[in-house]
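Asker: Dropping the structure in here first, questions after.
The values are calculated or read from the model by the stated rules, or taken from the named source; none is laboratory data. All figures in this text were calculated on a predicted structure; none of them were measured in a lab. Here the Cβ positions follow ideal geometry from the backbone for every residue, glycine too, while neighbour counts run over all protein chains shown.
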Amino acid sequence: MPTLEFIFRLLAAVAAGGAVGLERQINNKSAGLRTNTLVALGACVYVLINVILTKNGADPTRIIAQIVTGIGFLGAGVILHRGVNVQGLTTAATIWCSAALGSLAGLGLYLELLISTVLIIFVNTTFKKADKWFMGDKKKKAENNDHSFE
């Protein structure tokens, strides 16, 4: 692989991870700009190692499979459980998605990388509004049920 292509793939991973991380940073989440950028960059580096090794007959799926598993442990570190409340699941899922973005960049799948980045940001921003709407309905129902015995 030419050095320029190697650099371009790394920069694509940084841009995608950075875009996702910026959205998380703006929303004050624990894993923000640096975390998501580094996750995407790290995954990209591992995939690039894989791409180089594959030319010598290595199995192309082994490193990517290990990225998926390893990122699961990193994501587990941001999940907090306090009583019945669980926080950090979306952040953990976003970290997992950032690793996938880095993998796409490492494979040179730029259109797929762009589409995936846009969709991840779309889900994190748009679905957050839907969550609030549904949670508002649950709170209203709970308040109505609490007042029915007064």
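Asker: Go through (1) within 24 Å of Ile121 (Cβ to Cβ); (2) surrounded by fewer than 22 Cβ atoms within 10 Å (Cβ to Cβ) and name the single condition Gln66 misses.
Answerer: Gln66 satisfies all of (1) within 24 Å of Ile121 (Cβ to Cβ); (2) surrounded by fewer than 22 Cβ atoms within 10 Å (Cβ to Cβ) except (1).
Asker: Out of all the residues in region 28-70, which are in contact with a Ser or Thr (Cβ under 8 Å, 6 or more places away or on another chain) and of a type outside the set (Ser, Thr, Tyr)?
Answerer: Result: Lys29, Ala31, Asn36, Val39, Ala40, Ala43, Cys44, Val47, Pro60, Ile64, Ile67.
Asker: Sort out which residues of region 108-137 are acidic (Asp, Glu) and modelled with pLDDT of 95 or more, and write them in order of number.
Answerer: As a first pass, look at region 108-137 and keep what is acidic (Asp, Glu): 112, 131, 137.
Hit for region 108-137 is Glu112, nothing else.
Asker: Yes or no: Thr61 loosely packed, with under 13 Cβ neighbours inside 10 Å and among the β-branched types (Val, Ile, Thr)?
Answerer: yes
Asker: Being surrounded by 19 or more Cβ atoms within 10 Å (Cβ to Cβ) and modelled with pLDDT of 90 or more is the filter here; which residues of region 24-37 pass it?
Answerer: Matches in region 24-37: Arg24, Gly32, Thr35, Asn36, Thr37.
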